[in-house]
Each structure stands twice: as C-alpha cells, then as structure tokens.
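This report refers to the structure that appears directly beneath it.
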Amino acid sequence: MKIGLIGLGIMGKPMAKNILKAGYDLMVSDLNANAVADVVAAGATAADNKTIGETCDVVLTMLPNSPHVKSVMLGANGVASYMKPGAVFIDMSSINPVASKEVAAVLAEKNIEMLDAPVSGGEPKAIDGTLSFMVGGKQEVFDQFKPLLDCMGASVVRCGDVGAGNTTKLANQIIVACNIQALAEAMTLAQKAGVDPQLVYEAIRGGLAGSTVMDAKAPMMIAGNDKPGFKIDLHIKDLNNALDCAHSVGAPVPMTASVQEILQWMHNHEGGQKDHSAIAQYYEYLTDIQIGR
Ligand code: NAD
C-alpha cells in the first residue's frame, strides 16, 4: 500500500516516522523544506501534490485547520484532482466537523472515501506512537485502515460517520481547556492563601480532582515553563470550531466561551505561541503573583 502524508509539523513529523517504522511506503510533502528533509532522511520520498494524488492508495493530512485541508485537497492543483477513484483520504488534523463533511461530500462525487481521524496526546505521544484517534467514516473503511492508524496510536475508536471524529475532538478540547483553567484558578487561590501549590498538587493528584491534565500541566505552571506542547493559538482555533459547531446545533457552551476569552487575552499579550498551560499567566497577571515562585 502506498501512503502519502501532507503536513510534517510538531505532530505530522513523528507520525510519519512511525508509519515508516511500521514498514509502509511513504511519500511526504510540507511547505517547510527542513521538515521534509528530516522525514526523507528517515526513509520517506518527497513528492508534490500531483505525484502524491496519482500514486498513493491513501492520502493522509496533518494540517493546522479547515482552510488548509480544503486548499490542499480541493484547491487549485489540489491532491483530490489527481486521486484515483477507490483511493481513500484520511484527515488527521483537528478541524471543524462541518468542513470534514463538506470535503467528504466533494470526494464522494469522485468515488473517494474519507475518514476524519483527529488525535489527542500531543507531541510526546506522537513520538511514542501512543496517540488516541477518534474517527468518523464508514465502518468498512475504518476496518480497512485501522491497522495503519494503529502504528501511530494506542487507541483508535470509531465514533460514527464522517464528522464524528472531529465532533469528538471538539469535546476533548473543551474538557482540556476548562480543566487547565480550573487548575490555574485553584493554584492561584492556594498560593494567595499561603499554601504551596506544589504541596497542593501532591496532596490532591491521587484523588477525584487528579487528572491527566493536572499531571501534565501543574508541574509546568509551578515551574513557569510555557514551552509548547500544544499552542494557545491552536486551542483558540479548536474552541472557535467548538463555538461554531455548538451554535449551529443549538448547544449552549458557556464554559467554552469563558475560557476562549482568556486564551484570546493570552494571544493579545504575545502568548499565542506559548503552551496552553500558560492560561496560568492570566491569573498571575490578575493576582500579581508567580505560581510556585
Ligand atoms: P504545526 O503548525 O506544527 O504543523 C502544521 C504543518 O502543516 C506545518 O509543518 C506547515 O508547514 C504545514 N502546512 C501548512 N499549510 C500547508 C500546505 N498548504 N501544504 C503543505 N504543508 C502545509 O501543527 P501541529 O501541532 O503539528 O498540529 C497539526 C494538527 O494537529 C492541528 O490541527 C492541531 O490542532 C492538531 N493537534 C496538535 C497537537 C499538538 O500537541 N501539537 C495535538 C493534537 C492535535
């Protein structure tokens, strides 16, 4: 099976290397020539949209957002215009589920099936090949390509038809953002009340408040480490998609709206490229403290 992968950023690059490790034949493309060279050194072949579309049985994308996926696949010189009927497109980017359905509808006219298969887990799990995939699309297409996703993930779950993967990802992103906000608020309260946030973390991490978010982000907040990880600007993108989707289906999401405003404040204060745990810096600004220091 010949595979094409477009998008070799923080996530796409290690995912490409895991596809190669599993023994697949991989063609890659990215606007960033250094990223392409790195993955070619690991065994991939560099190719343009035309060659990827004409040659590959399955085309994967790992791009920032809906407009990038639409333009790479459906724009002028887009990959889809070169793909053979019967080929499959799997988008692993986190995009608006409405856009996933739109792309799938255009591809269906060309007899190309699509899965939307966004991931959670971040760069460390992309490197380890232990991402969680949430997938939308037909059962038989999912069954056929699950082994390919398995080489990048520890968990690969079909959530429904096309769009269901990205709807699930929006749920994931709401829960993560609200958790980070709650953690930052609680750590700020503890320190203002005279209790060491490190000891608060150690005391509560094994109880009901403990979480994967707490274990990943509390140490970063306490150390003042805002190196991304997952960038605030990408989380703003995800929550914009969540708000869009929520408004279109009539689901009120007041907590999402509130944390989105804090992320936006961070963006406006040169925080867009920082890790999303830097939400803590908003609280530090409000209270004139530095958590853990
Ligand atoms: P990134 O910005 O590091 O990488 C995106 C890559 O796409 C870049 O290398 C860029 O050059 C490339 N690109 C953009 N437009 C292109 C085009 N027209 N043609 C070819 N290449 C193009 O982003 P990332 O962190 O790798 O995230 C990718 C997706 O995965 C996003 O949707 C993000 O929300 C999602 N995601 C990220 C993380 C994380 O922790 N970083 C975790 C889970 C999901």
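The values are calculated or read from the model by the stated rules, or taken from the named source; none is laboratory data. Values in this document were obtained by computation on a predicted structure and should not be read as measured data. Cβ atoms come from the backbone with ideal geometry, glycine included; neighbour counts cover every protein chain shown. These accessible areas exclude ligands, DNA and RNA; they are computed on the full protein's heavy atoms, side chains included. Shrake-Rupley method; radii C 1.70, N 1.55, O 1.52, S 1.80 Å.
On the accessible surface of the stretch 181-293, probed at 1.4 Å, how many percent belong to carbon and sulfur atoms?
Summing carbon and sulfur atoms, their accessible area is 57 percent of the total for the stretch 181-293.
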Restraint check, 110/169; 146/231; 70/217, Cα-Cα greater than 30 Å: 70/217
Sequence ranges 86-98, 149-161, 244-256, 48-60, ranked by mean other-Cβ count within 10 angstrom, highest first: 86-98, 48-60, 149-161, 244-256
Computed FRET value (nearest 0.05) for residue 261 with residue 25, which takes r as the C-beta separation and R₀ as 45 Å: 0.45
Inter-label distance, nm, simple model (7 Å from Cα along the C-beta direction), residue 287/residue 77: 5.2 nm
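In percent, how large is the relative contact order of the chain, given Cα pairs closer than 8 Å and 6 or more residues apart? Walk me through the numbers on the way to the answer.
Details: 536 pairs, mean separation 40.3, N = 293.
Reported as a whole number, the value is 14 percent.
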Derived scalar couplings ³J(HN,Hα) [the stretch 279-285; Karplus, 6.51 cos²θ - 1.76 cosθ + 1.60; whole Hz; x for Gly, Pro]: 3, 4, 5, 5, 5, 5, 5
Positive-pole candidate from 1, 67, 290, dipole of the chain, charges at beta carbon: 1
Distance between modelled label sites at residue 46 and residue 223, nm, 7 Å Cα→Cβ extension: 3.5 nm
Model label zone, residue 171; criterion: amide N under 16 Å from point 7 Å along Cα-to-beta-carbon; scope the stretch 124-138: 132-137
Centroid-to-centroid separation of the stretch 71-136 and the stretch 162-231 [C-alpha atoms, Å]: 30 Å
Within the chain, helix-based [θ] at 222 nm, where runs of 4 or more DSSP H residues each add -39,500 (n - 2.57), nearest 500: -17000 deg cm²/dmol
Overall form of the stretch 100-176 per C-alpha gyration tensor (a/c, 1.5; a/b vs b/c): oblate
Nearest 10 degrees, 0 to 90: helix 97-109 Cα axis against the chain principal axis: 0 degrees
Set of the stretch 110-129 residues, backbone N closer than 20 Å to the point 7 Å along the Cα-Cβ line of residue 84: 110-115
Pair residue 212, residue 1: separation of 7 Å Cα→Cβ label points (nm): 2.4 nm
Charged-residue dipole, Cβ positions (Lys, Arg, Asp, Glu), the stretch 136-293 about Cα centre, Debye nearest 20: 160 debye
